[in-house]
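One structure below.
The values are calculated or read from the model by the stated rules, or taken from the named source; none is laboratory data. Just so it is clear, the structure is predicted and the values come from calculations on it, not from any experiment. Positions of Cβ are backbone-derived with ideal geometry, glycine not excepted, and every protein chain shown enters the neighbour counts. Protein only, heavy atoms only, side chains kept; ligands, DNA and RNA dropped before computing areas. Shrake-Rupley method; radii C 1.70, N 1.55, O 1.52, S 1.80 Å.
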Amino acid sequence: MTYAPPRFDDRVPVRVNLYSDTQTKPSLAMKQAMMEAEVGDEQHGADPTVWALCDRMAALLGKEAAMFLPSGTMCNEVAILTQCRAGDEILAHHTAHIATAEGGAPWALAGVQVSSLNGDRGVFSADTLAATVRPVSRYSPAQRMVEVEQTANLGGGAIWPLATLNEVAATAHAHGMVTHMDGARLMNAVVAAGVPAAEMAAGFDTVWLDFTKGLGAPLGAVLAGSAEFIDAAWRWKQRLGGSLRQGGICAAACLYALDHNVDRLADDHDNARVLARSLAQIEGLSLELPETNLVFFDTRGVGLTAQELATRVRAAGVLISVMGQYRARACTHLDVTTPQVMEAASAIRDVVLG
Ligand SMILES: *Cc1c(COP(=O)(O)O)cnc(C)c1O
């Protein structure tokens with residue numbers, strides 16, 4: 001059987017798109033910046049806009065060097081491939097994107113296994129980590145990397161507290177492991193918690209930020225670490241086909257996003273709270289309190305699966321995503337306004353009461 005990519009019902013136009021912040025579209029001003037970008041051959045080390053972005057990101061994340069990649073998934077995989085060997089083990093929360101949403105890449109590409117740590121809302125403690133560490137022996141896989149997600153996507157967009165990040169990183173280092181931060185939505189955590197990105201990433205050997213989520217760029221992510229790490233990572237970037245030519249066109253969109261789309265993430269967080277408050281008033285829906293721009297809720301109490309609810313609200317022009325049998329997610333971002341969020345809440349209420 002051939003694989004058929006999902007097709008989305010477009011008979012009813014989408015009025016409110018809460019499916020994901022990945023669906024943000026580049027604005028006219030962002031496209032203008034892309035059009036005017038000075039470019040070169042990135043693979044050859046000659047694209048000035050890519051280098052400007054990498055320098056700026058290394059400074060923002062408090063690391064020596066950085067590398068531009070097409071996607072966040074590739075940032076995770078390049079970090080893993082560069083630092084782990086086949087047979088190694090990565091310790092991460094059981095909901096981690098690397099384990100649940102990257103096509104099995106850590107196993108398939110790097111030959112490593114990802115073990116599953118527990119903890120509330122995608123966050124585990126240094127104690128939980130310490131309890132998972134085994135004494136080194138010839139029988140066990142080498143525990144090589146500890147990975148955290150800031151914010152924790154399937155944890156409901158939860159923010160790792162700075163103290164927990166530091167304790168987990170210190171514990172990992174004490175056991176000879178490297179630390180990696182999946183910062184797909186790191187700037188959401190930075191804006192919500194008021195802690196600089198470099199401080200959040202200080203305990204982590206490698207960290208990356210996605211530009212295609214709430215920052216609104218069409219593609220691109222930047223991975224940062226020591227100069228030595230980035231140097232070694234270049235071979236994996238090349239091997240995976242992640243080296244670019246005139247990448248500056250896209251890096252210009254990322255630079256634009258850093259200038260214009262970071263502080264406004266606070267608006268998305270406000271809208272998430274507005275949405276959560278409205279949904280919480282619907283009897284039977286069970287809300288997880290949003291900390292950033294992701295609003296998760298449980299549909300069991302209204303007698304619908306998350307898919308049934310999503311399909312029915314789609315008919316009213318509202319797009320939400322399905323994250324489990326009874327777990328739905330609505331995501332706020334720069335292409336949704338407060339009135340649209342209210343409209344979505346009332347469409348959901350109509351379906352539930354319907
Ligand atoms: C989206 C996401 C990724 C992958 O990023 P892409 O740019 O879509 O490849 C990785 N981790 C988390 C937590 C994400 O939300």
* Cβ-Cβ below 9 Å, separation at least six or inter-chain, first residue in segment 206-217 and in the same structural domain as D335 (by TED's automatic domain parsing), second more than 10 Å from the ligand (Cβ to nearest atom) and among the aromatic types (F, W, Y): which pairs? -> none
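What helices (runs of 4 or more DSSP H), lying completely within segment 151-203, carry at least 3 residues that are within 14 Å of the ligand (Cβ to nearest atom)? Can you show your working first?
Details: elements: 162-174, 186-193, 197-200.
Correct list: 186-193.
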* Structure fact -> Filtering segment 91-140 down to residues that are under 29 Å from L287 (Cα atoms) and of a type in the set (D, E, K, R) yields E102, D120, R121, D127
* Selected residue (only one of T292, T299, T332 is crowded, with 22+ Cβ neighbours inside 10 Å, farther than 23 Å from G214 by Cβ and not hydrophobic (A, V, I, L, M, F, W, C)) -> T299
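Please determine, by comparing only the residues of segment 54-76 that are of a type outside the set (A, V, I, L, M, F, W, C), buried (at least 22 other Cβ atoms within 10 Å of the Cβ) and not in a loop (DSSP other than H, G, I, E, B), which one is farthest from the ligand (Cβ to nearest atom).
At the first step, the residues of segment 54-76 found to be of a type outside the set (A, V, I, L, M, F, W, C) are 55-56, 62-64, 70-73, 76.
Next cut, buried (at least 22 other Cβ atoms within 10 Å of the Cβ) only: 63, 72, 76.
Then keep just the ones that are not in a loop (DSSP other than H, G, I, E, B); that gives 72, 76.
Details: G72: 3, N76: 6 Å.
In this case the residue turns out to be N76.
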* Asked: Say we look at segment 88-147 and pick out the residues that are away from the ligand (no atom under 16 Å from the Cβ), within 24 Å of R327 (Cβ to Cβ) and not in a helix (DSSP H, G or I); which of these is least open to solvent (accessible area, probe 1.4 Å)?
  -> S115
* Asked: Quick one: which of Q340, Q325 is open to solvent by 60 Å² or more (accessible area, probe 1.4 Å) and at pLDDT 95 or above?
  -> Q325
* For segment 37-53, what are the residues that are open to solvent by 30 Å² or more (accessible area, probe 1.4 Å) and touching a helix residue (DSSP H, G or I) at 6+ places or on another chain (Cβ under 7 Å)? -> E38, V39, P48, A52
* Matching entry among F211, F229 (being among the aromatic types (F, W, Y), open to solvent by less than 30 Å² (accessible area, probe 1.4 Å) and away from the ligand (no atom under 15 Å from the Cβ)) -> F229
